[in-house]
Amino acid sequence: MSGSFRFSASLSPLQSREFPRMPFLKPHIHVPNHVPALNPMTAAHSRVVLPENLKVKLSALPITMASPAAMTEVEGLDVDMVTEAELKENGFRSTRRTKIVCTIGPRTCEFEQIEALAVGGMNVARVNMCHGTREWHRDVIRRVRQLNEEKGFAVAVMMDTEGSEIHMDDLNGAESAKAEDWLDIDFGIAEGVDFIAVSFVKSAEVIKTLKSYITAQSPESRIAVIAKIESIDSLENLEEIIQASDGAMVARGDLGAQIPLEQVPSVQQKVVQLCRQLNKPVIVASQLLESMIEYPIPTRAEVADVSEAVGQQADGLMLSSESAMGLYPEKALAVLRSVSLRIERQRREEKHLDTADLPIVSSSMPAIIFEEICNTASRMAKKLEADAIFVYTKTGQSASLLSRNRPDCPVFAFTPTTSIRRCLNLRWGLIPFRLDFSDDVDSNLNRTFSLLKARGMINSGDFIIVVSDVMQSIQAIKVP
Ligand SMILES: Nc1ncnc2c1ncn2[C@@H]1O[C@H](COP(=O)(O)OP(=O)(O)O)[C@@H](O)[C@H]1O
Ligand SMILES: C=C(OP(=O)(O)O)C(=O)O
Ligand SMILES: [K+]
Ligand SMILES: [Mg+2]
């Protein structure tokens, strides 16, 4: 362990009430005597009443960072009107945690149609290179970007490769790989897509080759590579493929043609669980609402299938033909939205015991410590029934570690980088905002509170757990 780390729990200078120094990860929070809530056994069952002006900070501080840097002048907050309206009208807890990927096709490629999907809750727009021309896809991608710029959305773009042409593993790297998929990949890099979904992945080598190719072509690029699990080979090398990737998709269409259909549900469950263990986002795709290509309401079986994927806490659900060329793209999206909300609420009300075993995914000791800070923050949020977790994240890593814990409350992720904001939009339970912030956690918080309060997105008295990857700290705060 690095000698420059020490644990401390310190009081915020902003705090009007004085707390004694406290041992690491053992916050002593003063609550009225009649409130049994800080007993973890009872906290899960009763609403915690917290004192006014509550502010408790736990941190693993690099000693060199003990004095906060001067606050820099900052701009406003990037948030879309749908999130804003949602938070204003329904409050934090009712926000949807499961994300939605919509395939854009002839039925949804115009600006107004893409906008309607974004308003309806689309988090990621997918273009499938199996269909249409590159020019057609370029126009779609540019419309999504225009929509984000004009309306503050953070809709990420996923380019899905044709797949049949990618044989990077048996060829010797990028130079010798075949014709069309590489052109598509170059196209994706040039257009600055957020995700490249690789069809028919056979081995981790395919993913590693593609990732080094992307880095070589565009060192600044943050394109995330999603492995589509849809072949027998991909099942044989599942863990190492997912480990090498930035996420996975259970591509049930082709998968169901490659393995017996009755095995598809257990593969889905396995991939979803594995992704959570390895901290990779996972999308459940294909035929979720197949009948809605033609009909305005889904079958009961389809609703059950969507409920199952939501109950498994997959990060995302995907529409294919339903949004690309179906008659009712917006209705299909609305079904995914309402089923997600319903099942998520049900799970919370039933107080599902989370038995997921989350092994450490970080490799260096400072990173492991911070991973534990994120796990602890999620646990605190759950036991203390926080209204939200706020995370200030430069790389997005801490936001993803919080999402991985599937906390009961939503996670507001503040990041200075627009492309990271879009990537985080695929992660379960994260509401990503773009915000410039300084190294001074308290001034970031004050600014965020006033920006969000001014727009009616939070209220005085809301109870927030705050995590910062700059200061590596946890704070428990009531919004002043
Ligand atoms: N860019 C496009 N141009 C024309 N049709 C498209 C396009 N994208 C999708 N589609 C249509 O939507 C359907 C569903 O899309 P998708 O699930 O991505 O592909 P597939 O059916 O090949 O797996 C496709 O079969 C195709 O009919
Ligand atoms: C998502 C899938 O891939 P594609 O639509 O590209 O065939 C699938 O096969 O389920
Ligand atoms: K494809
Ligand atoms: Mg497929």
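Add +1 for every Lys or Arg and -1 for every Asp or Glu among the other residues with Cβ under 9 Å from the Cβ of Val310, and state the total. In short, +1. Our coupling estimate for segment 283-298, obtained by passing each phi through the Karplus curve with A = 6.51, B = -1.76, C = 1.60 and θ = phi - 60°, is 10, 9, 10, 5, 6, 4, 9, 3, 5, 6, 4, 10, 10, x, 10, x Hz, Gly and Pro reported as x. Counting beta carbons within 10 Å around each of Val467, Val310 and listing the fewest first gives the order Val310, Val467.
Segment 404-480 and segment 269-317 have their alpha-carbon centroids 28 Å apart. Here is the link list: Lys280/Lys351; Lys151/Lys208; Lys99/Lys202; Lys99/Lys331. Which ones come out longer than 28 Å on Cα distance? Pairs exceeding the cut-off: Lys151/Lys208.
Summing charges over all other residues whose Cβ lies under 11 Å from the Cβ of His131, with Lys and Arg as +1 and Asp and Glu as -1, gives -2. How would you classify segment 97-349 from its alpha-carbon gyration tensor, with a ≥ b ≥ c the square roots of the eigenvalues: rounded for a/c under 1.5, else prolate if a/b is greater than b/c, otherwise oblate? It is oblate, given that a/c is not under 1.5 and a/b is not larger than b/c. The packing ranking of peptides 320-327, 207-214, 372-379, highest mean first, is 320-327, 372-379, 207-214, where packing means the average number of other beta carbon atoms within 10 angstrom of each residue. When each of the peptides 264-273, 410-419 is scored by how many other beta carbons lie within 10 Å of its residues on average, the order from highest to lowest is 410-419, 264-273.
Could you sort 197-204, 113-120 so that the peptide with the highest average Cβ count within 10 Å comes first and the rest follow in order?
197-204, 113-120
Each of Phe433, Phe390 was scored by other Cβ atoms within 10 Å of its Cβ. Arranged with the fewest first, they read Phe433, Phe390.
For segment 345-391, just say rounded, prolate or oblate: build the C-alpha gyration tensor, square-root its eigenvalues into a ≥ b ≥ c, call rounded for a/c under 1.5, and beyond that prolate if a/b exceeds b/c, oblate if not.
Cα axes put segment 345-391 in the oblate bin.
Exposure proxy for Trp136, Trp182, Trp428: other Cβ atoms within 10 Å of each Cβ, ordered fewest to most, give Trp136, Trp182, Trp428.
Every number in this text was worked out from the coordinates using simple rules, so none of it is lab data. Just so it is clear, the structure is predicted and the values come from calculations on it, not from any experiment. Note that we place each Cβ from the backbone using ideal geometry, even for glycine, and neighbour counts take in every protein chain shown.
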